[in-house]
Amino acid sequence: MKYLVIKNHVMKRAFTMSVIGIIATATSCNVLDKKPLDAISDEAVFNDAVFLQNYVYNVYNGIKPPWAPGTGGYDALTDIAVNQPETHERSAGIRNYIEGNLSADNVNDLASIVNGLPAATPLWDYEYGFIRKANVFFENIESSTIAADKLDPMKGEVHFLRAWMYFELMRTFGGVPIITNSFQLNSESFDVPRNTFDECAQFVLGELDKAAGFLDGVPVSTGKISKAAAQAFKARVLLYLASPLNNPSNDLAKWRAAETATKAVFDMGFTLHPQYAELFRKPLKTDETIFGKSFTPATRIPGWGYNYDYWPSGFDAQYRIAPTQTFVNMFQMANGEYPYQADGVTVNAASGYDPQKPEKNRDPRFYEAVIYPGAGPLNIIDGSKSTQRLYEYWEDANPNADNAPPYINPNKVDPKNGQNLFDFGRDSKTYWVKGLTPFHWRVQTGYTFKKATDFAGPRASFDNDYNQVVVFMRLTEFFLNYAEIQMALGNEAVAREYINKVRKRGSVNMPDLKSTGAALVRDYRNERAIELHLEDSRFFDLMRWKAAPGNVDIPIRGLSKVTMDWSGAKPGDALGKLSYTYGVIPEAEVRKPWKGDHYYLFPIPNTEIRRSNGVLKQNPGY
């Protein structure tokens, strides 16, 4: 299935040729023979199952992509990632947030979407624009002549989509206006008050019940919304409603409602895919993934693609966000011990961890999540510079003056592409200083995210059919959700059982957790962070837990220095002796103390407050 892209303009009474052209990209040519090509009326669209399904596919674009804003979603606001200010398109907004300067005037610098559109669209406008498209759908199908067996599944899809878009607004801003008609949202006056968070929640849950009803018995098509997706999303919403941010009295009835809905997900027949890394590669793994989509050239990440945004700068890429040492430390050793104590600095003596061999004997997911110095070999497909090599993030341990020759590295030439090799690596700052690569961005932690990259595809391409998929919901999340619910209900043994299900995936097979109390909470939250990283989870988890202090406002740590000593190496040796120094990365942003509870929600943009003539009330604290 392809997601269609139509600019987020106000819907008119007739569809123009530009819209027809977009519909034509996803339908067979003979469809357009049914009507004149100068215009397609609302009546034609809403009475033709093919045209209407493509209209619905357009509404799918209201699902905020998990890489927005910019690459990495909101992960760069947390402890697992840091942004690269030279290349990140939301750098100013990220800085405003972490310095405690987020305001109603600048929130759109952070909370905006670029998804096939010519310019960034504020999240508020983006979601309400697609909500309006959903409302137009429901207004126009009342008199549709499309048969129920064709129309009802589309009703289910749009109820789900309207719920998804409202929930995106809710978890970002809190309660928002519930709009179910199609009046123009970008008019000069939009004087509709906010509904409460609970009112919005009940509306969303009702939409999902309707979606599940309309989709009941409909065959599942990969990439399309299904009854299972509606039920799973309802379970996620109920978990948010039970969480501390939205349940300050810790009403156990809310946790029990989430428990019941999550149990229903387990009855759907999904199973864990045996290979963790394959979950994020085509084809979509429908044994575990409940709702997701594959990329095509028409639906790629905006810009040059995931590779150009995530690859290291030494691969001539933007390296927009980088893993922090805090994130790396979350990955346990293969024996189930953390490499460091909770302070992130003191080595855990029981773990067997050697800071000078940090990649040895780690949780298998570490190798699929993080590119570390010496990792690989990795394919770099980039024209004449194409090669296969390690991630060479190291400086010369014994440099001559100005790194002049003679060099100790016994390997003088890259056999793959003829590049000269030096004692310093091709991803080092020295390699850039000497003019051998065009990029070495200012913020470097020494690590790169691997999960979202495609080393079978080129560095940058508008046309390549990249291998990635986007996972919106998968069974693993609900195992972890259920563990959280059971901890809240006092059932730690059951919580451990479900966390351990995740750890027992065939390609992971980590030791069972046996922790209790605060240690179990840490284990659970770390497990969730590493399993679901880059899936638009960590930031909103910290917000709903009210756990930002110590996770958002902490110094960014990483590899402050990595050196390579080639003294004992022989020709053909891939590596000499690497030495690591860890510390705070001074070039990374200096995070300010957490601002307070009001910061768990974003402010309503002042543009919307003014448009409402003051009817919209601002979140407290802004």
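The values are calculated or read from the model by the stated rules, or taken from the named source; none is laboratory data. If you're wondering where the values come from, they're calculated on a predicted model, not measured in any experiment. We place every Cβ from the backbone using ideal geometry, glycine too, and count neighbours over all the protein chains shown. For accessibility, only protein heavy atoms count, side chains too; no ligands or nucleic acids. Shrake-Rupley method; radii C 1.70, N 1.55, O 1.52, S 1.80 Å.
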Leading residue by the ranking (modelled with the lowest pLDDT) among those in region 176-189 that are closer than 15 Å to residue 134 by Cβ and surrounded by 13 or more Cβ atoms within 10 Å (Cβ to Cβ): 185
Here the qualifying pairs (Cβ atoms under 7 Å; residues six or more apart or on different chains; first in region 450-465 and farther than 18 Å from residue 320 by Cβ; second assigned to a loop (DSSP other than H, G, I, E, B)) come out as 456/467; 464/457; 465/296
Flagged in region 560-595 as within 15 Å of residue 398 (Cα to Cα) and at pLDDT below 95, in numbering order, are 568
Consider residue 192 against the criteria (1) farther than 30 Å from residue 49 by Cβ; (2) open to solvent by 20 Å² or more (accessible area, probe 1.4 Å); (3) without any contact (Cβ under 8 Å) to a residue 40 or more places away in the chain; (4) assigned to a loop (DSSP other than H, G, I, E, B): it satisfies all of them except one. Which criterion is unmet? (3)
How about region 258-290: which of its residues are over 24 Å from residue 300 (Cα atoms) and part of a helix (DSSP H, G or I)? 258, 259, 260, 261, 262, 263, 264, 265, 266
Taking region 407-431 only, how many residues are surrounded by fewer than 18 Cβ atoms within 10 Å (Cβ to Cβ) and touching a His at 6+ places or on another chain (Cβ under 9 Å)? 1
Inspect region 128-139 for any residue being within 20 Å of residue 213 (Cα to Cα), of a type in the set (S, T, N, Q) and either open to solvent by 10 Å² or more (accessible area, probe 1.4 Å) or part of a helix (DSSP H, G or I) (or both) and give the result as yes or no. yes
Residues of region 474-500 being under 15 Å from residue 525 (Cβ atoms) and among the charged types (D, E, K, R), in sequence order, are 477, 484, 492, 496
Cβ-Cβ under 7 Å pairs, at least 6 apart or on other chains, region 284-296 side closer than 10 Å to residue 474 by Cβ and modelled with pLDDT of 95 or more, far side surrounded by 22 or more Cβ atoms within 10 Å (Cβ to Cβ) and hydroxyl-bearing (Ser, Thr, Tyr): 288/476
Please work out if residue 343 is exposed (fewer than 15 other Cβ atoms within 10 Å of the Cβ), more than 21 Å from residue 567 (Cα to Cα) and among the charged types (D, E, K, R). yes
Checking the condition surrounded by fewer than 15 Cβ atoms within 10 Å (Cβ to Cβ) and of a type outside the set (Lys, Arg), which residue from 305, 269, 292 passes? 269
Select from region 438-465 the residues that are open to solvent by less than 10 Å² (accessible area, probe 1.4 Å), hydroxyl-bearing (Ser, Thr, Tyr) and part of a loop (DSSP other than H, G, I, E, B) and list them in ascending order. 445, 447, 453
Would you check which residues across region 236-252 are in a loop (DSSP other than H, G, I, E, B) and either closer than 22 Å to residue 602 by Cβ or aliphatic (A, V, I, L, M) (or both) and list them? 243, 244, 245, 246, 247, 248
Qualifying positions in region 403-424 - out of contact with any Lys or Arg (no Cβ under 9 Å at 6 or more places or on another chain) and of a type outside the set (S, T, N, Q): 404, 405, 406, 407, 408, 412, 413, 415, 418, 423
Just to be sure I understand the filter: pairs with C-beta atoms under 6 Å, separated by 6 or more residues or on different chains, first member in region 479-503 and more than 16 Å from residue 264 (Cα to Cα) and in contact (Cβ under 8 Å) with a residue 24 or more places away in the chain, second member part of a loop (DSSP other than H, G, I, E, B) and open to solvent by 50 Å² or more (accessible area, probe 1.4 Å). Which pairs pass? 492/516
Considering only region 304-392, give the helices (runs of 4 or more DSSP H) lying wholly within it that have at least 1 residues that are in contact with a helix residue (DSSP H, G or I) (Cβ under 6 Å, 6 or more places away or on another chain). 325-330, 364-369
Conditions (1) in contact (Cβ under 8 Å) with a residue 40 or more places away in the chain; (2) out of contact with any Asp or Glu (no Cβ under 9 Å at 6 or more places or on another chain); (3) surrounded by fewer than 13 Cβ atoms within 10 Å (Cβ to Cβ) -> residue 593 fails only (2)
Check region 569-585 and report whether any residue there is among the basic types (Lys, Arg) and under 27 Å from the mean Cα position of the chain (by Cα). no
Output for Cβ contacts, cut-off 9 Å, separation at least six or different chains, first residue at pLDDT below 95 and of a type outside the set (Asp, Glu) in region 517-545, second assigned to a helix (DSSP H, G or I) and open to solvent by 20 Å² or more (accessible area, probe 1.4 Å), reads none
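Look at region 529-555 and say how many of its residues are part of a loop (DSSP other than H, G, I, E, B) and over 11 Å from the mean Cα position of the chain (by Cα).
Number of matching residues: 10.
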Residue 79: passes all of (1) more than 20 Å from residue 169 (Cα to Cα); (2) open to solvent by 10 Å² or more (accessible area, probe 1.4 Å) but (2)
